[in-house]
Amino acid sequence: MTREAFNNIIHNNYRKLYFIAFRILKNQQESEDVVQEVFMKMWIMKEKLDNYDDHEALAVTITKNRCLDMLRKWKHIDKDNIGSEIMDRELSPSPYDQMVNSENAEILGRIIDDLPEAFRNVIQLREINGLSYGEIARQNNVNINTLRVTLSRARQIVKEKYLKYTYERGKIKTITGPLL
C-alpha cells in the first residue's frame with residue numbers, strides 16, 4: 001500500500017473512528033489516542049492491508065476492540081492506586097454539565113406539569129416512577145394498548161415542546177450575541 005492510499009484511508013475514516021471511540025469511551029483524549037493507535041497499527045501492517053477488501057471495516061473493528069480493551073482495563077483499576085482521583089473526576093459530570101442537566105430537568109418538569117392530566121399521569125408513572133406498562137394499566141384500569149398509545153402521544157408532546165423551547169432559546173442567543 002502506498003503512502004497516498006494510506007493517507008486517503010486516514011482522511012476518509014478519522015472522524016467516523018473518533019465518534020465510534022468517543023461513543024464507547026466517553027472521553028475525548030482517550031478516543032483520539034485510540035484512533036491514533038488504530039492508524040499506527042494499520043500502518044505497521046500496510047503490506048497486509050491489500051489482502052482486506054474493506055479497509056474501513058477493518059479500521060472500525062480494530063477501533064471497537066481497542067476501546068473494549070481499554071474499558072476492561074479501566075474496570076480493573078485499583079481505586080487505591082495513585083491517580084484514581086483523576087479517573088473519578090473524568091467520569092463525573094463537569095459543573096457545566098451538572099448545570100445543563102439541572103436546567104433540562106427543570107424545563108422538562110415544567111413541560112410535564114403543563115400536560116393534560118391523562119398524559120401527565122402516564123408520563124409520571126412510567127418515566128419518573130418507573131412502573132411497568134402492566135402495573136400502570138392495572139392501576140388506571142385501562143387496556144395496555146390504549147396505555148401505550150397514550151404514552152406515545154404524551155412523549156411526542158413533551159418532545160415537541162422541548163424542541164420548540166430549545167429552538168427558541170437558541171434563536172434568542174444568536175440574536176443577542178454571546179453571553180460571555
Practice task
Give Lys164, Lys173, Lys73, Lys79 a once-over and let me know the one that is closer than 30 Å to Asn13 by Cα, basic (Lys, Arg) and either open to solvent by 50 Å² or more (accessible area, probe 1.4 Å) or modelled with pLDDT of 85 or more (or both).
Solution key: Lys73
Completion exercise
Of the residues in the stretch 107-142, those that are open to solvent by 30 Å² or more (accessible area, probe 1.4 Å), within 28 Å of the chain's Cα centre (by Cα) and of a type in the set (A, V, I, L, M) come to Leu108, Ile128, Leu131
Practice task
Could you tell me whether Glu56 is open to solvent by 100 Å² or more (accessible area, probe 1.4 Å), closer than 19 Å to Arg3 by Cβ and of a type outside the set (S, T, N, Q)?
Solution key: no
Practice task
Hey, can you tell me all the residues within the stretch 143-156 that are touching a helix residue (DSSP H, G or I) at 6+ places or on another chain (Cβ under 8 Å), among the aliphatic types (A, V, I, L, M) and open to solvent by 30 Å² or more (accessible area, probe 1.4 Å)?
Solution key: Ile144
Exercise for the section: Could you run through the stretch 36-48 and say how many residues are open to solvent by less than 60 Å² (accessible area, probe 1.4 Å) and either within 27 Å of the chain's Cα centre (by Cα) or among the polar types (S, T, N, Q) (or both)? Expected result: 2
Problem - Filter pass, Ala5 being modelled with pLDDT under 80 and among the small types (Gly, Ala, Ser) - result: yes
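Residue-by-condition table, conditions (1) β-branched (Val, Ile, Thr); (2) loosely packed, with under 11 Cβ neighbours inside 10 Å; (3) within 27 Å of Ser94 (Cα to Cα):
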| site | (1), (2), (3) |
| --- | --- |
| Asn13 | no, no, no |
| Ala21 | no, no, yes |
| Ile24 | yes, no, yes |
| Gln28 | no, no, yes |
| Val34 | yes, no, yes |
| Asp50 | no, yes, no |
| Thr61 | yes, no, no |
| Leu68 | no, no, yes |
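The values are calculated or read from the model by the stated rules, or taken from the named source; none is laboratory data. Nothing here was measured: the structure is a model prediction, and the numbers come from that model. Cβ: placed from backbone, ideal geometry, glycine included. Neighbour counts: every protein chain shown. SASA here: full protein model, heavy atoms, side chains in, ligands and nucleic acids out. Shrake-Rupley method; radii C 1.70, N 1.55, O 1.52, S 1.80 Å.
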